[in-house]
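First comes the structure, then the notes that go with it.
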Amino acid sequence: KFPGVDTILGPEMRSTGEVMGVSDNFGTAYGKAQLSAGMILPKGGVAFLSVNDRDKRSIADLAEEFSKGGFRLVATKGTATKIQERGLKVEQVYKVNEGRPNIVDLIRSEAIDLVVNTPLGRESFFDEKAIRRACVDYQTPCITTLSAAAAAIKSVRALQRGGIIVRSLQEYHQRG
């Protein structure tokens, strides 16, 4: 949320604010927490997936969950290959340095509804920074870990089933 700053936070930034979501199920609670942090998760649309080599072994499972949730999949070449090996339909898109139109162009044209982009540690490549910056500029939800992406799809699926119901903490405690 700081202008011009990369969205990957270091330890010195992790305690700048906290949010909490409470619900009867994890997916809705996570969605509420994201909403209170200013990230509105889409209920469908186009999900862009681009993960580091370490995360590629798990991406097909996650891609399948997004597909089941009604998302059209878009991915960079290496990630797309892993998704296609599962037999899922995925559209391939260029990285920033590979040509045009590339993923940043798609984010800027608002053709992407959700981004899952796992960086390679603290050494962030140009593409990763450009993707995250475009997400901030165009208010596209950007997820940078597979565990957060798994939580996000659980949230999307819960929101698709029933939306968000707001209750006070007292109401939760009365229900026992």
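Assorted remarks:
- Selection from the stretch 35-93 of residues that are on the phi > 0 side of the Ramachandran plot and free of Cβ contacts under 8 Å to residues at least 12 places away in the same chain: Gly87
- Residues that are in a helix (DSSP H, G or I) and either among the polar types (S, T, N, Q) or open to solvent by 20 Å² or more (accessible area, probe 1.4 Å) (or both) within the stretch 30-51 comprise Tyr30, Lys32, Gln34, Leu35, Ser36, listed in sequence order.
- If you go through the stretch 78-132 and keep only what is β-branched (Val, Ile, Thr), in contact with a Pro (Cβ under 8 Å, 6 or more places away or on another chain) and part of a strand (DSSP E or B), you end up with just Val115.
- Among the residues of this structure, Gly69 does not count as one that is farther than 11 Å from Phe48 by Cα and open to solvent by 10 Å² or more (accessible area, probe 1.4 Å).
- Test: residue in the stretch 115-126 that is small (Gly, Ala, Ser), touching a helix residue (DSSP H, G or I) at 6+ places or on another chain (Cβ under 7 Å) and either touching a residue at least 60 places away in the same chain (Cβ under 8 Å) or closer than 15 Å to Leu41 by Cα (or both): no
- Conditions (1) under 21 Å from Lys68 (Cβ atoms); (2) touching a Ser or Thr at 6+ places or on another chain (Cβ under 8 Å); (3) open to solvent by 20 Å² or more (accessible area, probe 1.4 Å); number of the one not met by Ile112: (3)
- When Val93, Val46, Val104 are checked against the criterion of being at pLDDT 95 or above and either closer than 25 Å to Gly27 by Cα or among the acidic types (Asp, Glu) (or both), Val46 stands alone in meeting it.
The values are calculated or read from the model by the stated rules, or taken from the named source; none is laboratory data. If you're wondering where the values come from, they're calculated on a predicted model, not measured in any experiment. We place every Cβ from the backbone using ideal geometry, glycine too, and count neighbours over all the protein chains shown. For accessibility, only protein heavy atoms count, side chains too; no ligands or nucleic acids. Shrake-Rupley method; radii C 1.70, N 1.55, O 1.52, S 1.80 Å.
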